[in-house]
Amino acid sequence: MTAQRPTAPGPTGPGSRLRKAGTAPPPGPEEAGPDGAGPARPADRDLLSALMQAMEVGLCALAGDGTVTHWNREAERLLGWPAAEAVGRPGLAGWAVREADADTVGALLRDAAAEGRRRVQEFALLTRDGRRVLVRAQVSPVAAEDGGDAPDGLYFAFSEARSQIDLERSLGLSEALFEEAPLSVVLVDADLRPAAVGASAARTLGVRRADLLGHPLGEVLRDGVEELESALQHVLATGEPLGGVKLWGALRGDEERRRRCWRSQFVRLGSPLGEEPVPLGVAWLFEDVTEREQTEQGGAVLRFRATQLRRAGIAAAECEDPMEGAVGYLDFVLAGFADHAYLDLAADGDTGGLVRAAASPVGTAAQEPGPEPSGIPVRYGELHPALRALERGGTVCVTGGGDAAWAVERRWPSTTVHGLCTALRSRGRTVGVLTFLRGPGRHRFDRADLAYAEDIGSRVAAAVDLSGRAGGAAR
């Protein structure tokens, strides 16, 4: 009857029934072959011996009377005892195990053999130079040749407990990151296709974990995929990790096309088993910081706008002509807010029209459909946003979607996409309209922009009213 195959870590165990005391590998010519029929061939014996010696864990086998019958190279490396000195010894006490620990270790091994199944035990072994090493061992009995209940012996595969604990911690960390850790993790292979997706990452990207595996990143990201792939390729090529990278993108499943910000870390993964480092891909670790970034950006924008208004107010205070100060506001506040700004004053009389008083940047009006600041009433259509703002005494925002004809019809630059017209109110009356225009590449005017435009309008209206020219441009 063939011996039970070992189940300890590593490619294989001894692979044959343990010999009687004093014998050593390789197996003898009378042992059964791997298929259990007939004696093992020399090639089989050589293969079993090579596998046992190549195991990445130490292997020790004991016969039924406790004699050491097998001792591989990894056991020799871990403890320093060569096989020539280990095989044939009557037990482990006094050389591989301290005399004080011999009874405890022997009881652990006997109990595992008596149970008839593999057990994991931890105990201390002794190195050749007298050091104690805590090992974690998988102990398995060797079935009796005659089929009886009593085993013929046992073997145990062992390694340093510290190494095993480090491995288990690494595996535990991997499982935690991929399951419920707040940090999102995606493992990307060398072809820049996801090979593993954590639960948190799947929720953040709005997909199921299995749906993303093996598919290009462009199938889940509408915007930002080029920057992400560039970072992945850089880490694959250089091996240097990248940290603190903020990537902006939009998900394909998001109909509102909201841009998201992911603070990302990139680490190249290499195989620890190869003689030379072999890149297995890149670990992309990220968290969604969109709200935080938008809050920070909003605060920065508010601080910048407040600074520009303060500077414009200081400059206007030095102008002898209040109208010059009103026009100066446009130059200061336009930076970072809009592409064009027009100041139209209410015409005199009952016509209810508007007269162009200023444009910023200077000279753009002459190159576009809108009139230059020449005192001539502007021929706006009845439904023009500026006239609607003048009539309502409030603010009107419009969006044209990039249609050049739409912008030209309103006598705005042909590249205009978004427009905001706010009435200039002073002393209970409307003295004009202030218009801000944005081109492609900018988002539409939001509530914060509207409040800023109205703040600017109140200051400009006060300057215009002070100049005494409201309604007098037509005269």
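Annotation: the residues Leu242, Leu109, sorted from fewest to most other C-beta atoms within 10 Å of their own C-beta, follow the order Leu242, Leu109. Using a/c under 1.5 as the rounded threshold, could you call segment 179-290 rounded, prolate or oblate? The axes a ≥ b ≥ c are square roots of the C-alpha gyration tensor eigenvalues, and prolate needs a/b larger than b/c, oblate otherwise. Prolate. With θ taken as phi - 60° and the Karplus curve 6.51 cos²θ - 1.76 cosθ + 1.60 applied, the whole-hertz 3J(HN,Hα) list for segment 325-332 is x, 5, 5, x, 4, 4, 5, 6 Hz, x standing for glycine and proline. In terms of Cα atoms, the Rg and Dmax of segment 299-467 work out to 14.8, 44 Å. Model label points for Arg110 and Asp65, set 7 angstrom from Cα along the Cα-to-Cβ axis, are 1.7 nm apart. Temperature 4 °C, viscosity 1.567 mPa s: under these conditions the Stokes-Einstein estimate for segment 73-202, based on its Kirkwood radius over C-alpha pairs, is 73 µm² per second. Highest mean first, the peptides 405-412, 378-385 sorted by other C-beta atoms within 10 Å per residue fall in the order 405-412, 378-385.
Could you tell me what percent of the DSSP beta bridges with both partners in segment 42-167 are antiparallel, to the nearest 5? Given both bridge residues lie in segment 42-167, the antiparallel proportion sits at roughly 95 percent.
Bear in mind these aren't lab numbers, they're just calculated from the coordinates by the rules spelled out. Given the structure is predicted, the values throughout are model-derived calculations rather than measurements. Cβ atoms come from the backbone with ideal geometry, glycine included; neighbour counts cover every protein chain shown.
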